1. Please state which one of Leu145, Leu160, Leu138 is at pLDDT below 90 and open to solvent by 40 Å² or more (accessible area, probe 1.4 Å).
2. Got a sec? Which of Val113, Val127 is crowded, with 19+ Cβ neighbours inside 10 Å, of a type outside the set (Ser, Thr, Tyr) and assigned to a helix (DSSP H, G or I)?
3. Is there any pair with a first residue in region 144-161 that is farther than 20 Å from Val58 by Cα and a second that is open to solvent by 40 Å² or more (accessible area, probe 1.4 Å) whose Cβ atoms are under 6 Å apart and which are 6 or more apart or on different chains, and what are they?
4. Would you point out which residue out of Leu82, Leu77 is of a type in the set (A, V, I, L, M) and open to solvent by 50 Å² or more (accessible area, probe 1.4 Å)?
5. Tell me, please, whether a residue that is at pLDDT 90 or above, within 15 Å of the chain's Cα centre (by Cα) and among the aliphatic types (A, V, I, L, M) can be found in region 86-108.
6. Between a residue in region 40-58 that is open to solvent by less than 90 Å² (accessible area, probe 1.4 Å) and any residue that is among the polar types (S, T, N, Q), which pairs come within a Cβ distance under 7 Å, given they are 6 or more apart or on different chains?
7. When the residues of region 61-95 are filtered to those that are touching a residue at least 12 places away in the same chain (Cβ under 8 Å) and among the aromatic types (Phe, Trp, Tyr), which remaining residue is farthest from Met153 (Cα to Cα)?
Amino acid sequence: MAACHIVISRILNRFKGHQREILRGAAATFALRMVGIGLEFALHVLIARLLGADGAGVYFLAVTVVTISSVFGRLGLDNAVLRFVAAKAEVSDWPAVKGVARHGVLVAAGVSVAIAGLLIAGSGYWVPYLSELPGATLVIVLLLLAAPAMSGMFIFGEMLK
């Protein structure tokens, strides 16, 4: 571990000022992403072991449906929020940042609620085409309730960039 620290210090000493700051930020981001990917893999293994092949398949199908509905529910606002929040934060206009964030989340959550409601209302018709398992409809409907929260999470994630 100490040898690794020495090597990293020598590499960082070659860079000056902003280059060092960018490199540190990139390294921290890389490390956090690796930890996140490892935790996600562990969660998937746990789900597969607890639910079995059929249950895990229904769960991942439901997560995919919720993710797709969240993409439509965001209406591209995640990119717009990123742009406007960055512009307003640069000039320290914090009330405008708060307003952009609030507006983006409210619109995305509202549209996501509408899309999830439509999908839930018609779930008896379209879910049997995706899965023949008897509990699939209930699982998908329950996870669709999380679509507005997922949309808000993505909006806030982009805002924090």
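The values are calculated or read from the model by the stated rules, or taken from the named source; none is laboratory data. A quick note: this is a predicted structure, and the numbers were derived from the prediction, not measured. Neighbour counts run over all protein chains shown; Cβ positions are idealised from the backbone, glycine included. Heavy atoms of the whole protein, side chains included, go into the accessibility calculation; ligands, DNA and RNA do not. Shrake-Rupley method; radii C 1.70, N 1.55, O 1.52, S 1.80 Å.
1. Leu160 is the lone residue from the list that is at pLDDT below 90 and open to solvent by 40 Å² or more (accessible area, probe 1.4 Å).
2. Sole residue among the options that is crowded, with 19+ Cβ neighbours inside 10 Å, of a type outside the set (Ser, Thr, Tyr) and assigned to a helix (DSSP H, G or I): Val127.
3. As it stands, the answer is Pro148/Val113; Glu158/Leu82; Lys161/Leu82, since those pairs meet every condition given.
4. Values: Leu77 fails: open to solvent by 50 Å² or more (accessible area, probe 1.4 Å).
Among Leu82, Leu77, only Leu82 is of a type in the set (A, V, I, L, M) and open to solvent by 50 Å² or more (accessible area, probe 1.4 Å).
5. yes
6. Val58/Ser131
7. Phe84
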